[in-house]
Amino acid sequence: MTAYALALYAVSAISVITAVGVGIASWRFYRDN
Amino acid sequence: MNSIDLLGLLVYFAILIVIGYRSAKKVSGSADFAVAGNKIIWPVLFATLAASFLGGGASMGRAGKSFDEGYAFMFAASAFPIATVLAGLYIAPRLKRYTNAQTVGDIMAHHFGSSARLFTGIFSLVFCIGILGAQALAVGTVFHAILGIEVSTGILIGMAVVLLYSTVGGMWAVIQTDVVQFLMLAVFLPLTMLIGIHDLGGPAALVERLPEAHFSIMGDYSVGMFVSLFIAFLLGETLVPPYTQRALSAPDSRHARIGYTVAGGFGFLFYFVSATIGLIALVLYPNITPDQAMPTLIRDALPIGITGLVLASLLAVVMSTADSYLNSAAVIFVGDIYKPFIEPDVSDKKRLWIERVVNLLIGIGAVIFALYATSIVDALLMSYALWAPTILLPFVFAVLFDLRCSRSAIAAMLAGALVTIVWKWGPFDLQAATGLTALIAGVIANIAVFTLVYRLFRAAPDIGATSHVQ
């Protein structure tokens, strides 16, 4: 796999994982506020 | 559009309206409407800030530019995420020293007095309404590109939803809808990119089918042009009112610092995704216009069911920017103009009521401009060129070095504005004659005059400065 391909897949994975993290943190925040 | 896709879109709108309705219960005073009661923890702050600055330009605009020029524009534009990371490390944490501050004008008033507040307030208001009008146009364009309905109908539908939730729910609704919108853009735009890559045979096929220059850092730009673009992105939109308002919404400096810095980091990822979508569109649809790169890929390459969700994500990108500027415009009008100069003793209850009415009126005004007078939107957008040469640097100097000299700030703002206007819209082509863009010339004038006048008058007493610092 080339560095470019790796960058494409890594960026997608990080973006989705970030979204999951933000989703969980936001859910807890709104539940408590 | 398939009925399943349409259902996805309707569900998205319904979620936004429900959030607005539920948020209304949380808004009991002006602080709730403007800065969500200073309760926004860093993951939420990060999501709302990212959703705000990742608008039509960072998505469809960036895809169109890479369709045309390759990754070079993305590299130049990466100066904005860099500026956001720097602001997160050095400015955002310091903003929490200003107790009860809700606007850039509050902080300018503390350091430079009431004249600087008025200048900042009026300018910020024009700036926010201009961007809001442009985003309203972008909402209509997305509807038109994907659903084929009239741009004007798209503007009315999209902005009606934004107006509804932002007027009743204020910053609480804006932040919560921004989080929903962030989740959508963070999931579905990378998904669009991966599906597009798969359709054309993988990353290697993309590299093989495009010229090498499309993957280089500077592309066809000269060094001077690249540096000018880089500086424009470094300063042009940094710490504009809605972004500063996000830092002021944090409970303390730690949350402000982490939220701001992580949002800057995410900007790099998003720019890469948007630019890659433009390159994919260039291979799959070489005969379309650049601005259609992202909408065309979404409409034609995605499977049924996903299209509606990705369209909703694209609308989310634009609407989350529009709601932020709308809320800021209302808060600025009341905080920097109405309260200090018209009714200083206004009660909190009345202030909240005025903010809601102004939010509604500004939103309706922006829609009318977008529908019937795009030249007014263009005129208001001229203020975009003036943010960095007028307010940004006095604001940054004040926050970093605790400078207090109203004369230096006012003189620097006027000098920066004058030089930029003459450079950009004057009768002579000064850019060609000097090699300096209007923004760089304006920023140099701004810094030079600020420094000179500060050295001359720094011992002079402040004029009408107000205290917000704990």
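Side notes on the structure shown:
- Matching residues in the stretch B:364-386 - criterion: being aliphatic (A, V, I, L, M) and surrounded by 16 or more Cβ atoms within 10 Å (Cβ to Cβ): B:Ala366, B:Val367, B:Ala370, B:Leu371, B:Ile376, B:Val377, B:Leu380, B:Leu381, B:Ala385, B:Leu386
- The combined condition, being within 14 Å of chain A (Cβ to nearest Cβ), at pLDDT 90 or above and in a helix (DSSP H, G or I), is fulfilled by B:Ala275.
- Pick from chain A, criterion among the β-branched types (Val, Ile, Thr) and facing chain B (nearest Cβ under 7 Å), ranking: farthest from B:Trp42 (Cα to Cα): A:Thr2
- All helices (runs of 4 or more DSSP H) inside the stretch B:344-444 with 1 or more residues being among the charged types (D, E, K, R) and farther than 27 Å from B:Leu326 by Cβ: B:406-425
- Residues in the stretch B:108-165 that are of a type in the set (D, E, K, R) and either in contact with a strand residue (DSSP E or B) (Cβ under 8 Å, 6 or more places away or on another chain) or surrounded by fewer than 24 Cβ atoms within 10 Å (Cβ to Cβ) (or both): 1 in all.
- Residue selected from the stretch B:62-97 under the condition surrounded by fewer than 19 Cβ atoms within 10 Å (Cβ to Cβ) and modelled with pLDDT under 95, by the criterion farthest from B:Val331 (Cα to Cα): B:Asp68
- Of the residues screened, B:Ala34 is not one that is without any contact (Cβ under 8 Å) to a residue 40 or more places away in the chain, under 29 Å from A:Arg28 (Cβ atoms) and assigned to a helix (DSSP H, G or I).
Yes or no, residue by residue, for (1) in contact (Cβ under 8 Å) with a residue 60 or more places away in the chain; (2) buried (at least 22 other Cβ atoms within 10 Å of the Cβ); (3) farther than 30 Å from B:Leu118 by Cβ:
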| position | (1), (2), (3) |
| --- | --- |
| B:Gly267 | yes, yes, yes |
| B:Ala275 | yes, yes, yes |
| B:Ile280 | yes, yes, yes |
| B:Gln292 | yes, no, yes |
| B:Ala316 | yes, yes, yes |
| B:Ile342 | no, no, no |
| B:Asp345 | no, no, no |
| B:Arg356 | yes, no, no |
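- When residues of the stretch B:1-26 are limited to those that are β-branched (Val, Ile, Thr) and within 24 Å of the chain's Cα centre (by Cα), the one nearest to A:Trp27 (Cα to Cα): B:Ile19
- Residues that are among the β-branched types (Val, Ile, Thr) and surrounded by 24 or more Cβ atoms within 10 Å (Cβ to Cβ), drawn from the stretch B:168-178: B:Val174, B:Ile175, B:Thr177
- Verdict on B:Asp220 being within 19 Å of the chain's Cα centre (by Cα) and among the acidic types (Asp, Glu): no
For every residue, the table says whether it meets (1) outside any helix (DSSP H, G or I); (2) in contact with a helix residue (DSSP H, G or I) (Cβ under 9 Å, 6 or more places away or on another chain); (3) farther than 21 Å from B:Leu315 by Cβ.
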{"residue": "B:Ala50", "(1), (2), (3)": "no, yes, no"}
{"residue": "B:Asp68", "(1), (2), (3)": "no, yes, yes"}
{"residue": "B:Ile82", "(1), (2), (3)": "no, yes, yes"}
{"residue": "B:Arg94", "(1), (2), (3)": "no, yes, yes"}
{"residue": "B:Gln102", "(1), (2), (3)": "yes, yes, yes"}
{"residue": "B:Ile107", "(1), (2), (3)": "no, yes, yes"}
{"residue": "B:His111", "(1), (2), (3)": "no, yes, yes"}
{"residue": "B:Ala136", "(1), (2), (3)": "no, yes, no"}
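- Hits in the stretch B:22-51 (condition: away from chain A (no Cβ under 14 Å) and of a type in the set (Ser, Thr, Tyr)): B:Ser30
- Of all residues in the stretch B:167-214, those satisfying the criterion of being within 11 Å of chain A (Cβ to nearest Cβ) and either among the β-branched types (Val, Ile, Thr) or not in a helix (DSSP H, G or I) (or both) are B:Ile175, B:Val179, B:Val180, B:Val187, B:Thr192, B:Ile195, B:Ile197, B:Gly202, B:Val207.
The values are calculated or read from the model by the stated rules, or taken from the named source; none is laboratory data. None of the values given here were measured: they were computed from a predicted structure. So basically every Cβ, Gly included, is an ideal-geometry build from the backbone, and we count neighbours across all protein chains shown.
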